[in-house]
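Participant: Before I ask anything, let me first share the structure, which is written out below as structure tokens.
The values are calculated or read from the model by the stated rules, or taken from the named source; none is laboratory data. Quick caveat: nothing in here was measured; it's all calculated off a predicted structure. Cβ coordinates were reconstructed from backbone atoms using ideal geometry, including for glycine residues, and neighbour counts include every protein chain displayed.
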Number of protein chains: 2
Amino acid sequence: MTARSTRGASLRLSGFVPFRLNRLAVEVSHHLSVIYRGRFALEIPEWRVMATVGQYQDSTAQQVAASTRMHKTRVSRAIAHLRKRGLIERLASRSDRREMHLRLSRAGRRMYAQLVPLALARERALLECMSVAERRGFVTGLDRLEESLGLRKL
Amino acid sequence: MTARSTRGASLRLSGFVPFRLNRLAVEVSHHLSVIYRGRFALEIPEWRVMATVGQYQDSTAQQVAASTRMHKTRVSRAIAHLRKRGLIERLASRSDRREMHLRLSRAGRRMYAQLVPLALARERALLECMSVAERRGFVTGLDRLEESLGLRKL
DNA sequence: CACAAACGGTTGCGCACGCAACTGTCTGGA
DNA sequence: TCCAGACAGTTGCGTGCGCAACCGTTTGTG
């Protein structure tokens, strides 16, 4: 792998933010997946649904999709799996019979309670590479980006 | 979507860094994909290969995979597509006949030269939401994370 | 009141993906 | 020198994904 010599604009990937974000997200996701895959046989979409419904009771598939930025079919199938495993329940909404309110079942809450501390520990370990000031700066960047991309208000 | 009431640890997704990173990466990738999909009919893996080979001539599939964190089969197929379209060329290595050195063809270089300014402009637009100081803080965070995850030396 | 358009959610379909197994090549230790 | 194991890259296979089309429901505009 030799240095590039082409005249004209070049793209240094290692400094290109979209590239870095993606690579980082893949890596971090992978690290996390060891927990919920190995320990609880959850796939990524299912884990995300669990986390969302665990936080927001009575959320709908729609809202899970918007919040996680997963395609609605992906959400739909993840919910189907979780229902089959008895981890979440669905109740038809009274006000709008199209939508279904989601909530963790008793078993789901039990799993969620085990999952959360592990996930938080993993996050803590991830961020240990930064000083407090650095962490603050990094998080501020995340805030700005999310706001500018309209991810804030989901 | 009502506030949660469960006793015990809870996970605020909107503040959970792995979640935020992933959502951000998906969104940013999507924004970028508008360029290379619509304009050049490149899929994500192909764009990544183009960008890597564009920067590092004579890189191998192996190195592309390591650098982008894509699975080697994904890289292999992306290279096959790009070769079929005449955008990259392959030469067997003299020193190790297992590996194949990759380089952009003339057509590939032409496309790359068009692609790069668009990608850089997109990145600039993305980062416009931050002040110079904020940008520096954010990038430092990326540096730290990559270093700690072993992504730095690829 | 009616009907078209929008919306929440599901499903059929084709495709790209990851896994594992493979081929061919290189390496290192007995 | 030989052979087992590692490695670069490809491919068959099953699966999960996104797209588009769909169903049933709600909304809003005439």
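Participant: Would you confirm, using the coordinates I've provided, whether B:Ala51 is within 14 Å of another protein chain (Cβ to nearest Cβ), touching a residue at least 12 places away in the same chain (Cβ under 8 Å), surrounded by 14 or more Cβ atoms within 10 Å (Cβ to Cβ) and under 28 Å from B:Ala125 (Cα atoms)?
Facilitator: Answer is yes for this residue.
Participant: On the given criteria, is B:Val28 away from DNA strand C (no atom under 15 Å from the Cβ) and either over 19 Å from A:Arg69 (Cβ atoms) or among the aliphatic types (A, V, I, L, M) (or both)?
Facilitator: When the stated conditions are applied, B:Val28 passes them.
Participant: Could you count how many residues in the stretch B:89-125 are touching a residue at least 12 places away in the same chain (Cβ under 8 Å), in a helix (DSSP H, G or I) and either more than 9 Å from every other protein chain (Cβ to nearest Cβ) or within 16 Å of DNA strand C (Cβ to nearest atom) (or both)?
Facilitator: Going through the stretch B:89-125 one residue at a time, the tally reaches 5.
Participant: Is there a residue in the stretch A:76-97 that is at pLDDT below 95, of a type in the set (Lys, Arg) and within 15 Å of B:Pro18 (Cβ to Cβ)?
Facilitator: no
Participant: Among the numbered criteria (1) out of contact with any Gly (no Cβ under 9 Å at 6 or more places or on another chain); (2) free of Cβ contacts under 8 Å to residues at least 40 places away in the same chain, which one does B:Leu11 miss?
Facilitator: (1)
Participant: Moving on. Mind listing whichever residues of the stretch A:57-88 are away from DNA strand C (no atom under 13 Å from the Cβ) and either at the interface with chain B (Cβ under 9 Å from one of its Cβ atoms) or among the aliphatic types (A, V, I, L, M) (or both)?
Facilitator: Correct list: A:Gln57, A:Arg69, A:Leu87.
Participant: Among the residues of the stretch B:56-70, write down those that are assigned to a helix (DSSP H, G or I), more than 8 Å from DNA strand D (Cβ to nearest atom) and touching a residue at least 24 places away in the same chain (Cβ under 8 Å).
Facilitator: If the condition is that a residue be assigned to a helix (DSSP H, G or I), more than 8 Å from DNA strand D (Cβ to nearest atom) and touching a residue at least 24 places away in the same chain (Cβ under 8 Å), then B:Ala66, B:Ser67 are the ones that fit.
Participant: How many of the residues in the stretch B:71-82 are more than 8 Å from DNA strand D (Cβ to nearest atom) and assigned to a helix (DSSP H, G or I)?
Facilitator: The qualifying residues number 4.
Participant: Can I ask one more? Filter the stretch A:42-55 down to residues that are under 11 Å from the mean Cα position of the chain (by Cα) and of a type in the set (Val, Ile, Thr) and give me whichever is nearest to DNA strand D (Cβ to nearest atom).
Facilitator: Ranking the candidates gives A:Ile44 first.
Participant: Which members of the stretch B:15-48 meet the condition of being surrounded by fewer than 19 Cβ atoms within 10 Å (Cβ to Cβ) and touching a residue at least 60 places away in the same chain (Cβ under 8 Å)?
Facilitator: Those that are surrounded by fewer than 19 Cβ atoms within 10 Å (Cβ to Cβ) and touching a residue at least 60 places away in the same chain (Cβ under 8 Å): B:His31, B:Ile35, B:Arg39, B:Phe40.
Participant: Quick one: would you say B:Glu27 is acidic (Asp, Glu), under 30 Å from A:Arg144 (Cβ atoms) and in a helix (DSSP H, G or I)?
Facilitator: When the stated conditions are applied, B:Glu27 passes them.
Participant: Here is a further query. Select, from A:Arg98, A:Arg74, A:Arg124, the only residue that is out of contact with any Leu (no Cβ under 6 Å at 6 or more places or on another chain) and surrounded by 15 or more Cβ atoms within 10 Å (Cβ to Cβ).
Facilitator: So the residue among A:Arg98, A:Arg74, A:Arg124 that is out of contact with any Leu (no Cβ under 6 Å at 6 or more places or on another chain) and surrounded by 15 or more Cβ atoms within 10 Å (Cβ to Cβ) is A:Arg74.
Participant: For the stretch B:136-154, give me each residue that is surrounded by 16 or more Cβ atoms within 10 Å (Cβ to Cβ) and within 7 Å of chain A (Cβ to nearest Cβ).
Facilitator: B:Gly137, B:Phe138, B:Thr140, B:Gly141, B:Leu142, B:Arg144, B:Leu145, B:Glu146, B:Leu149, B:Leu151
Participant: Which condition number in (1) at pLDDT below 95; (2) within 9 Å of DNA strand D (Cβ to nearest atom); (3) within 15 Å of the chain's Cα centre (by Cα) is the one that B:Ser29 fails?
Facilitator: That leaves (2) as the condition not met.
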